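The structure appears below as structure tokens.
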Amino acid sequence: QVQLVESGGGSVQAGGSLRLSCAASGSIFSINAMGWYRQAPGNQRELVATITSSGSTNYADSVKGRFAISRDNTKNTVYLQMNSLKPEDTAVYYCAALRVYTYRGSFNDYWGQGTQVTVSS
């Protein structure tokens, strides 16, 4: 089994910064991509950013230039540095590990429990 543990959420004023971390553990052989998604009340879950094992990144247009995703493959950990935060960034942020291969040869997607980010104006 694979577990994702997130940390780093909290409350901040507009213009501030937060850094989210997510560590994957378990019987992991490799992880194709890791990323962050978010869901605000009344909205669907949406992509924030993803990063592949080779370092290719993808960002939502709404966060480009403000957020930066990075990854430590040796620790199966992904980070999200969030700068210039806006009230509209308020949401529950979910970590995702996509196409996780185990030593048994199977693969699956896994999600964290979510961490709240609140940005006040």
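The values are calculated or read from the model by the stated rules, or taken from the named source; none is laboratory data. Bear in mind that the values here come from a model prediction, so they are computed numbers and not experimental data. Glycine gets a Cβ as well: all are built from the backbone with ideal geometry, and neighbour counts include every protein chain shown. In case anyone asks, the SASA skips ligands and DNA or RNA and just uses the protein heavy atoms, side chains included. Shrake-Rupley method; radii C 1.70, N 1.55, O 1.52, S 1.80 Å.
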Handout entry: Positions within the range 54-78 being out of contact with any strand residue (DSSP E or B) (no Cβ under 6 Å at 6 or more places or on another chain) and within 27 Å of Y103 (Cα to Cα), in sequence order
Key = S54, G55, S56, D72, N73, T74, K75
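Got a number for residues in the range 24-54 being in a strand (DSSP E or B) and of a type in the set (D, E, K, R)? Steps first, please.
So in the range 24-54, the residues in a strand (DSSP E or B) come out as 24-26, 30-39, 46-52.
Next cut, of a type in the set (D, E, K, R) only: 38, 46.
The total comes to 2.
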Problem - Qualifying positions in the range 4-27 - exposed (fewer than 13 other Cβ atoms within 10 Å of the Cβ) and polar (S, T, N, Q) - result: S11, Q13, S17, S27
Handout entry: Set R45, R38: member being within 10 Å of the chain's Cα centre (by Cα) and either under 15 Å from E88 (Cβ atoms) or charged (D, E, K, R) (or both)
Key = R38
Exercise for the section: Return the residue satisfying two criteria in turn: it lies in the range 67-89 and is among the charged types (D, E, K, R) and surrounded by fewer than 21 Cβ atoms within 10 Å (Cβ to Cβ), and of such residues it is nearest to E46 (Cα to Cα). Expected result: E88
Exercise for the section: Kindly check whether there is at least one residue in the range 28-38 that is closer than 19 Å to T118 by Cα, of a type in the set (K, R) and open to solvent by 50 Å² or more (accessible area, probe 1.4 Å). Expected result: no
Completion exercise
Among residues of the range 93-106 being of a type in the set (A, V, I, L, M, F, W, C) and touching a Ser or Thr at 6+ places or on another chain (Cβ under 9 Å), the residue most open to solvent (accessible area, probe 1.4 Å) is L98
Exercise for the section: Check the range 4-11 and report whether any residue there is charged (D, E, K, R) and within 18 Å of L85 (Cα to Cα). Expected result: no
Exercise for the section: Could you look through the range 96-107, keep only residues that are outside any strand (DSSP E or B) and of a type outside the set (F, W, Y), and pick out the one that is nearest to the chain's Cα centre (by Cα)? Expected result: T102
Handout entry: Conditions (1) out of contact with any Lys or Arg (no Cβ under 7 Å at 6 or more places or on another chain); (2) closer than 15 Å to G8 by Cβ; (3) of a type in the set (A, V, I, L, M): number failed by V100
Key = (2)
Exercise for the section: Evaluate the range 20-32: report whether one residue or more is of a type in the set (A, V, I, L, M, F, W, C) and more than 18 Å from A97 (Cα to Cα). Expected result: no
Completion exercise
Picking from Y79, Y110, Y93, the residue that is at pLDDT 95 or above, hydroxyl-bearing (S, T, Y), closer than 15 Å to Q3 by Cα and part of a strand (DSSP E or B) would be Y110
